[in-house]
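The values are calculated or read from the model by the stated rules, or taken from the named source; none is laboratory data. Just so we're clear, the structure is a prediction, and the values are computed from it rather than from any experiment. Here Cβ is always computed from backbone atoms with ideal geometry, including for glycine, and neighbour counts include all displayed protein chains. Remember, those area values only see protein heavy atoms, side chains included, never the ligands or the DNA or RNA. Shrake-Rupley method; radii C 1.70, N 1.55, O 1.52, S 1.80 Å.
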Amino acid sequence: MTIEFAQSARSSIGIEWELALVDQKTGELANAAGDVLRDLRRADGKDHPQIVSELLQNTVELVSGVHTRVSDAVTELSRLLDDLRTIAAARNVVPIASGTHPFGQWFDQPVTDKERYHKLIERTQWWGRNMLIWGVHVHVGLDDVDKALPIVAGMLRFFPHLLALSASSPFWGGVDTGYASNRSLMFQQLPTAGLPYEQIRTWSDYERYVDDELSTGIIEDQTEVRWDVRPSATWGTVEVRFCDSTSTAAELAGIAALVHCLVDDLAQKLDDGESLAELPPWFVRENKWRAARYGLDATIIIDSEGRQRSVADDIAALIARLEPVSHRLGCAAELSSLHGIIADGGSSARQRKAAAESNGDLTVVVAQLARELGQRPRNF
């Protein structure tokens, strides 16, 4: 089969940010997305084009337009968040951003009434119903389809850096899982999710893979390929989709800036005729697990010889190396802000600290998440 890769401006950027809705008084998940989205409909009766539904009725997704700078994309998302917050408040609901809800239970959450979601749940059953998780997807535009699969493979070296920085899902169903990002390991249970296949190296390889998936009924369209990093033919981008939902707009900006710089840097190396360094897939898989388990305290494997280093130290070195790229892309301040995430341990560490200081009261954690997103909860 032939899959057309859309034309896209080199290093353009778009961001998708998934948010949970919670009751303003109790902190429990609120299945209010349908009502909130109806309230957000435009004067012509059409749905809001950039605040949209997701799998569960407790979830909304903010979708930016296409931009050249991270700051512009995050500013747009912040305006959308303000719109959402105003409408949601009328229904006593507030948004929070994290990879999981600290004490929500998956079996209490109704699915959004769309055919594709019902099909997903019918096929995946218990694992599908457990997808009580929220993430961030960052798209970066490519000017040549032949760069797509090499950059997908090249980005896997930086998987633990991005996951450790974004990790915000230490709790699951009221329990501390011991992981900084429980979400990332939950999501890989879905068919076609998880790490991309190392055998797929060219666009024709990818077309054959998608054809195999379609012809055997594994997927019904190419958007159901849910790799952690994937080519997005519809938009002409590489999509990094494994990060936990970032708890603040500032963290979102920093992590998006790192993705932006990395993809642009890899694209430039290809333009210069260089081969992209990769890790063996068994090291990539181990690094994913270590970052999910330990977050910014992880020690990761940094090269094919098996040398290891603190992920925090390697992120700091990466920020320094990418500084010229960040200036070119206009995201130097956002990239530099990642030092702050390293210093405070990130959202997973802040959530655990809030729980410890309140003798394990996870409603306090939800209240903190609401405040971090700029919303003052009422009573919880």
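All told, residue 41 falls short of being of a type in the set (Lys, Arg) and either open to solvent by less than 20 Å² (accessible area, probe 1.4 Å) or touching a residue at least 24 places away in the same chain (Cβ under 8 Å) (or both). Within the stretch 54-78, being under 16 Å from the mean Cα position of the chain (by Cα), assigned to a strand (DSSP E or B) and of a type outside the set (Val, Ile, Thr) holds for 61, 62. Criterion first (farther than 21 Å from residue 164 by Cα, surrounded by fewer than 15 Cβ atoms within 10 Å (Cβ to Cβ) and among the polar types (S, T, N, Q)) does residue 232 satisfy it? For residue 232, the condition - farther than 21 Å from residue 164 by Cα, surrounded by fewer than 15 Cβ atoms within 10 Å (Cβ to Cβ) and among the polar types (S, T, N, Q) - is not met. Scanning the stretch 23-38 for residues that are in a helix (DSSP H, G or I) and either open to solvent by less than 10 Å² (accessible area, probe 1.4 Å) or touching a residue at least 24 places away in the same chain (Cβ under 8 Å) (or both) yields 33, 34, 35, 36. From the list 3, 51, the lone residue that is modelled with pLDDT of 95 or more and surrounded by 20 or more Cβ atoms within 10 Å (Cβ to Cβ) is 51.
All of 249, 233 fail the test of being hydrophobic (A, V, I, L, M, F, W, C) and within 20 Å of residue 67 (Cβ to Cβ), apart from 249.
Close Cβ contacts (under 6 Å, 6 or more residues apart or on different chains) running from residues in the stretch 5-22 that are within 13 Å of residue 66 (Cα to Cα) and among the charged types (D, E, K, R) to residues that are part of a loop (DSSP other than H, G, I, E, B) and open to solvent by 10 Å² or more (accessible area, probe 1.4 Å) comprise 10/143. Could you run through the stretch 114-144 and say how many residues are open to solvent by 40 Å² or more (accessible area, probe 1.4 Å), assigned to a helix (DSSP H, G or I), of a type outside the set (Lys, Arg) and touching a residue at least 40 places away in the same chain (Cβ under 8 Å)? The number of residues fulfilling the criteria is 1. Of everything listed in (1) open to solvent by 40 Å² or more (accessible area, probe 1.4 Å); (2) in contact (Cβ under 8 Å) with a residue 40 or more places away in the chain; (3) within 30 Å of residue 68 (Cβ to Cβ), the single unmet condition for residue 311 is (1). Residue pairs whose Cβ atoms lie under 9 Å apart, sitting 6 or more positions apart in sequence or on different chains, and linking a residue in the stretch 71-97 that is of a type in the set (Ser, Thr, Tyr) to a partner that is modelled with pLDDT under 95 and surrounded by fewer than 22 Cβ atoms within 10 Å (Cβ to Cβ), are 78/374. Taking the stretch 79-111 as the range and being more than 20 Å from residue 170 (Cα to Cα), crowded, with 18+ Cβ neighbours inside 10 Å and under 20 Å from the mean Cα position of the chain (by Cα) as the test, the residues that pass are 80, 81, 84.
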